[in-house]
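Notes to accompany the following structure.
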Amino acid sequence: MTDTVRIVEVGPRDGLQNEKTPVGVADRIAFVEALVAAGLTTVEVGAFVSPKAVPQMQGSGEVLRASLKLPGEFHVLVPNEKGYEAARAAGAKVVAVFASASEGFSRANINCSVAESIERFKPVIARAQADNVKVRGYVSCVLGCPFDGQVPVQAVVDAATTLWDLGCYEISLGDTIGVGTPKKVRELLRACAEAIPMQSLAMHFHDTYGQALANLYAGLEEGARVIDSAAGGLGGCPYAPGATGNVATEDVIYMLEGMDVAMGVDMDKLIAATNSVAALLGRPPVSRVASAINAKSGKTVLRS
Ligand code: HMG
Ligand code: MG
């Protein structure tokens, strides 16, 4: 467990895409700057999706342009070639495509079947390869779907393998609605690792049922070393009813440092970044570590 663990901070994208009150471009840029200042080196900063589908992500071009002036690697979501072109126009060097392991969520989220979504991603990935742009692949609903219920492990393996074979450098396994438990996470990672190297699998766990840290620990024991998390535990998907935020970056860092995994993140600066966004959103962070440290330092961010 003492190997390096890599964090992909998804707060500015997954965290803010679901907020009722959209956070403006200047505040999103300030959030990214604060996260980088805290020591996070890989940040997903926006999404080039339909503004009708997710108005919160409008202005992602400006956010990405500003982010690219900072040290680090900055990711953006793209659902199709139109999104890819907009991302490239803003200078994207890493894009993420997102498929679902379940048909119900695919239809709700991106208005097409899983197979159709893969067809849409093929030209995106081909163009990215020609442009020297890295492509990350998400698979959603890996441990359950808000529409279809149980999702067979094989459906996840099939979607993940397809994206991997198309050329994605890493596959992020999304427990979109946070229903997974450690046993299922272990089974899933073992099955996926038969086709994709474990070091190229990322764990993207929402914390709806409070299992995300336990699930990550199980995944670490299986050998997975990439974790997607969101500062403050922000997040959710507008097309996944009932889903709450990603596992909180503070909580992940606290756990890993407690396991002697050096993360190079300044916790006080990270919590300051989280508190700034909490103030904008008008509610305290759900991160337990942020709440504990705020309480200890006598800070009242906002009462729920
Ligand atoms: P559609 O309606 O089927 O697409 O939407 P369309 O091609 O028919 O286009 C409809 C309109 O959208 C047109 O505009 C297009 O120009 C426009 P109109 O003529 O009506 O004015 N359009 C776009 N505009 C900007 N950027 C684009 C784009 N593409 C089309 N790229 C589409 C299909 C995929 C576009 C839509 O459903 C969409 O944008 N969905 C995004 C949903 C989304 O962002 N969900 C959240 C992210 S996924 C997630 O959170 C899960 C994850 O975190 C992992 C996990 O937790 O599991 C990644
Ligand atoms: Mg997510």
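Before moving on, here are some points about what is shown:
- Scanning the stretch 191-215 for residues that are assigned to a strand (DSSP E or B) and touching a Gly at 6+ places or on another chain (Cβ under 8 Å) yields Met203, His204, Phe205, His206.
- The stretch 251-296, residues that are part of a helix (DSSP H, G or I) and touching a strand residue (DSSP E or B) at 6+ places or on another chain (Cβ under 6 Å): Val252
- Condition met for Phe31 (in contact (Cβ under 8 Å) with a residue 40 or more places away in the chain, in contact with a strand residue (DSSP E or B) (Cβ under 6 Å, 6 or more places away or on another chain), away from ligand 1 (no atom under 15 Å from the Cβ) and not hydroxyl-bearing (Ser, Thr, Tyr)): no
- Lone unmet requirement of (1) in a loop (DSSP other than H, G, I, E, B); (2) over 25 Å from Gly149 (Cα atoms); (3) open to solvent by 10 Å² or more (accessible area, probe 1.4 Å) for Arg88: (1)
- Under the condition of being farther than 23 Å from Lys82 by Cβ, open to solvent by less than 40 Å² (accessible area, probe 1.4 Å) and either of a type in the set (A, V, I, L, M, F, W, C) or in a loop (DSSP other than H, G, I, E, B) (or both), the residues counted in the stretch 1-23 number 5.
- Only listed residue being within 18 Å of the chain's Cα centre (by Cα) and assigned to a helix (DSSP H, G or I), chosen from Leu40, Leu35: Leu35
- Selection within the stretch 13-55: residues that are in contact with a Lys or Arg (Cβ under 9 Å, 6 or more places away or on another chain) and polar (S, T, N, Q). The member of this set that is farthest from ligand 2 (Cβ to nearest atom) is Thr41.
- Test: Ala101 is out of contact with any Pro (no Cβ under 7 Å at 6 or more places or on another chain) and within 16 Å of ligand 2 (Cβ to nearest atom): yes
- Among the residues listed as Thr176, Thr161, Thr208, the single one being away from ligand 1 (no atom under 16 Å from the Cβ) and open to solvent by less than 50 Å² (accessible area, probe 1.4 Å): Thr161
The values are calculated or read from the model by the stated rules, or taken from the named source; none is laboratory data. Here the structure is a predicted model, which is why all the values come from computation and not from measurement. Methodologically, a virtual Cβ is constructed for each residue, glycine included, from the backbone with ideal geometry; neighbour enumeration extends over all protein chains shown. The protein model used for the area step is the full one, side chains on, heavy atoms only, and it has no ligands, DNA or RNA in it. Shrake-Rupley method; radii C 1.70, N 1.55, O 1.52, S 1.80 Å.
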